[in-house]
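Below: one structure, written as structure tokens.
The values are calculated or read from the model by the stated rules, or taken from the named source; none is laboratory data. Here the structure is a predicted model, which means the values were calculated and not measured. Heads up, the Cβs are rebuilt from the backbone with ideal geometry, glycines too, and the neighbour counts pull from every protein chain shown. In case anyone asks, the SASA skips ligands and DNA or RNA and just uses the protein heavy atoms, side chains included. Shrake-Rupley method; radii C 1.70, N 1.55, O 1.52, S 1.80 Å.
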Amino acid sequence: MPSQIPDPTAPPATRMADQLAPTEAHAMRQRAEATLKQQLATSHNAQDHSTEGVLRALHELQVHQIELEMQNDELRRMQDTLETSRADYTALYDQAPVGYVTLNDSGQMLRANQTAASLLGLSCQAMLGAPLHQFIHRDDQDTYYLLRQRRQTQQKLSAELRLKRADGSFFWARLMATQAQDEAGAAQLRMVLFDISERIAAQEQLFLAASVFSQAREGIMITNTRGQIVNVNAAFTHITGYSRDEVLHQRPSMLSSGRQNATFYTAMWHDILNKGHWYGEIWNRRKNGEVYAELQTITTVRDAKGTATHYVALFSDITSFKASQTRLEHSAHYDLLTNLPNRALLADRLRQDMAQAQRHDVLLAVAYVDLDSFKAVNDEYGHETGDRLLVALSNRMKEVMREGDTLARIGGDEFVAVLTDLVDTAGCLPMLHRLLAAANQSFLIDGLTLQVSASLGVTFYPQTEAMEPDQLLRQADQAMYQAKQTGKNHYHLFDAVHDRSVRGHHEGLERIRLALASGELVLHYQPKVNMRSGLVVGAEALIRWQHPDHGLLLPLAFLPLMETDPLAIEVGEWVIATALTQITLWQAQGLELQVSVNVGAQQLQQPNFVDRLRSLLQAHPGMDPGKLTLEMLETSALQDIGYASQVIEDCQKMGVAFALDDFGTGYSSLTYLKRLRVSTIKIDQSFVRNMLDDPQDRSILEGVISLARAFNREVIAEGVETIAHGSLLLQLGCDLAQGYGIARPMPADTLPAWVSSWQPDAAWSPATAVAQAYI
């Protein structure tokens, strides 16, 4: 049998060799024979075979055996290579940068790689058997359906849609499908999944940017770094009038209006080159030649390396806004009806004119103009007619004023004229007369002849005191009211000296009111003694002002300021209340003293004086009212002696005594003394002070003392400054006294110690007094 025809019973190696390609089988046969020859050459038993047939059969068997072994080795190598290739394929399949999914004809997933599983947030095992459509956004289901429908055609199988992750979030994916069959011939669909979320987001950003560029209401112009326009949007064309084709490759300077100089553009480019941007207002020119205002921002665009590539200018047309702003600024400084400066602009100009007057050592006058009888025109003919009259009148007054002077309207029918560069106050008089004459002229308004006049109040600057514009206006306003009181069609010059006096008085009152509120007012007490017995019989409460800057002020420094002001009543009640409190405190310490308090004429003349005193006493229930004495001036009582007499009687019913202070300085009528049932008469210190040298004063003292005895009144002398004064008073029969010769007024807390230690002078002893009487 020929050796090249395979035996059906031959060993598997032979059968495998038969299956090999002729060239490969021949090559393997040659290698096998070569191997056998090498083996026979080394075998010692090769010569044992005797017959050629046996040798040939043996040779053939050995060759087939070697072929079989070589084929087995080759199969093992091929198996290893196959396993390695399969492992590499699996790793490449699972770790591919895109997802792979195999679907059956029903759309269920038969296989998926790890990338696909990661995209969906699942494991590969969880994906097997699941239909792919359950991971597709509901709005994209139709897209997926159409993709699967096209698998029967030769059309391109791809789509972009949103897939749902296991956590419920969505991402954009691109699906690319290929039709295939499995080993059994069943139809399959092999898909590749690309995550295109970043590309979709970038596309959306580009679309948004394109939409903004094309639809923005602001004009946008893009230039390269050579200054050439490379793109503009529709708003640019709308604002400038130039189409895109007309401006491409042109320079932005084609829009220049010429209003900005080279310095402006140098500063602009300095900011662009150094800061990367510029922002500001600029005036440009439209295609039709119209100049318009822009609010513009220029920004530098840089590449990834930071190199400038383009400049983007974003601008808005603010011409209407600028016009409105101009109108608003005008209305903020000018009267809408007369177009004269208003109060705000007047204040600014007045401040400037005041500074100018100071620098050039000249005067300016501020004239407050108020129209007389203008209200009657409004009431009779209506506000529209009145407004027309105001316009005509303001124009007339403005005409008679000089260049550089200001006429402003600050109210309905009120104007202010500022007259500058005056050499003296008389220099403004001709202009004041012209203003009055202009205001007094008749005007023909809607067929009506209307005529009013004006009252002018005038003040001047500079003054001896520093002035603010509003102070000058107030002064002129005050003077204007004085002019109205003297009659219409007049002017009045402000009296700065009188005003300072009035203001000083007002400021003084306010300072006293503050002192009262802040506890700066205090009471000092001057003892009253019986010089003959040596007893301290009482004390007079005297007001003082403990001023934080000026120290302790006596009454004459501040009481005259409020003599006619209601503040005097407040202070008077405070003095009574404070004295009552002090009496209560001394009583608690065992010191029983009669305390007298001065009551001013205004306080005494109050209709409710007695009721107010009763309320003050009730506020101190532990105090004996008999310890309080009210001292009133003789002149105060005589203003209404009937009322004063009734007050004294009502107060005595409450236990409060009255004393007549400074007796001898008024009328000192016996009739008055009879009607005023006071318990004590106080001799004025002016008579006591001079009685040692003036016989007339001594005679007055003797008369007053005798009069007091005749009317059964207690008498006390004020102003006892020396021992001699006290001695003479004792000789005249006046035992009670007070004055610096006895004690000065002292704080309340020092009086108890003084009372316990005081002793009358030896010259006032009874024996000495008797001896003196015979000298």
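Miscellaneous remarks
- One decimal place: the segment residue 392-residue 756 gains 122.5 nm when fully extended, by the rule 0.36 nm per residue minus the C-alpha distance.
- Near residue 596, the amide H atoms lying under 5 Å from its own belong to 539, 540, 541, 629; only residues 5 or more places off or on other chains count, and H is placed 1.01 Å from N.
- Simple label model, 7 Å out from Cα along Cβ direction - residue 145 to residue 486, nm: 10.3 nm
- Filtered GluC sites (Glu not before Pro), the range 265-328: DSSP coil and at most 14 other beta carbons within 10 Å: 290
- Additional length obtainable on full extension of the chain from residue 304 to residue 181, 0.36 nm per residue less Cα span: 39.4 nm
- Other residues whose C-beta falls under 11 angstrom from the C-beta of residue 700 contribute a net charge of -3, scoring Lys and Arg +1 and Asp and Glu -1.
- Where labels lie 7 Å past Cα in the beta-carbon direction, separation of residue 434 and residue 721 in nm: 6.5 nm
- A 1.4 Å probe run over the protein chains yields, for the chain, 55 Å² of accessible area per residue, whole-number rounding.
- Normalised by 2.2 N^0.38 Å, with N the number of residues, the alpha-carbon radius of gyration of the range 371-414 equals 1.26.
- Percent RCO, i.e. relative contact order, over the range 156-195, from Cα pairs under 8 Å lying at least 6 residues apart: 34 percent
- 0 to 90° range, to nearest 10: angle between helix 383-399 axis and the chain longest Cα axis: 80 degrees
- Cleavage-rule hits (GluC sites (Glu not before Pro)) in the range 496-584: DSSP loop, at most 16 neighbouring Cβ within 10 angstrom: 520, 563
- Here the 3J(HN,Hα) profile of the range 420-432, calculated from phi with Karplus coefficients 6.51, -1.76 and 1.60 at θ = phi - 60°, is 10, 6, 9, 6, 8, 5, 5, x, 8, 4, x, 5, 5 Hz, Gly and Pro shown as x.
- Extent of the range 484-534 along its three principal axes (Cα atoms, max minus min coordinate, largest first): 75, 30, 17 Å.
- Förster radius 25 Å - calculated FRET efficiency between residue 513 and residue 606 (Cβ-Cβ, nearest 0.05): 0.85
- Note on residue 182: accessible area approximately 60 square angstrom, rounded to 10, probe 1.4 Å, nucleic acids and ligands left out.
- ³J(HN,Hα) computed for each position of the range 215-222 - Karplus, 6.51 cos²θ - 1.76 cosθ + 1.60, integer Hz, glycine/proline x: 9, 4, 7, 7, x, 10, 10, 10
- Dipole check for the range 200-312: with +1 at the C-beta of Lys and Arg, -1 at the C-beta of Asp and Glu, and the Cα centre as origin, the magnitude is about 240 Debye.
- Radius of gyration and Dmax over the Cα atoms of the chain, both given in Å: 61.4, 207
- Charge context of residue 656, other residues only, Cβ under 10 angstrom, K/R +1, D/E -1: +2
- Whole-Hz couplings from phi, Karplus 6.51/-1.76/1.60, listed for the range 180-194; x for Gly and Pro: 8, 9, 7, 5, 8, x, 6, 6, 10, 10, 9, 10, 10, 10, 10
- Over 19 Å between alpha carbons, listed pairs 627/653; 528/653; 528/627: 528/653
- Length added when fully stretched, residue 251-residue 449, from 0.36 nm per residue minus Cα-Cα: 64.8 nm
- Theoretical FRET efficiency, 1/(1+(r/R0)^6), r = Cβ-Cβ of residue 348 and residue 587, R0 60 Å, to 0.05: 0.35
- Between residue 297 and residue 167, the FRET efficiency estimated from the beta carbon spacing at R0 = 41 angstrom works out to 0.45.
- Radius, Kirkwood style, for the range 51-203 when every pair of distinct Cα atoms is counted (Å): 18.6 Å
- Of the beta bridges in the chain, as assigned by DSSP with both residues counted there, near 80 percent are antiparallel.
- Rounded, prolate or oblate (a/c below 1.5 giving rounded, otherwise prolate when a/b exceeds b/c) for the range 541-652 by Cα gyration tensor: oblate
- When exposed loop sites are taken as trypsin sites (Lys or Arg not before Pro) in a DSSP loop with at most 13 other Cβ atoms within 10 Å, the longest stretch of the chain clear of them is 403-676.
- For the range 453-607, share of DSSP beta bridges that run antiparallel, in % to the nearest 5: 65 percent
- With helices as the sole contributors, the chain gives -14500 deg cm²/dmol at 222 nm; each DSSP H run of n ≥ 4 counts as -39500 (n - 2.57), and the sum is divided by every residue.
- Relative to the longest principal axis of the Cα atoms of the chain, helix 723-732 runs at roughly 50 degrees.
- With a cut-off of 15 Å between beta carbons, the residues surrounding residue 520 carry a summed charge of 0, where Lys and Arg count +1 and Asp and Glu -1.
- Rolling a 1.4 angstrom probe over the chain with all protein chains present gives an accessible area of which 53% lies on carbon and sulfur atoms.
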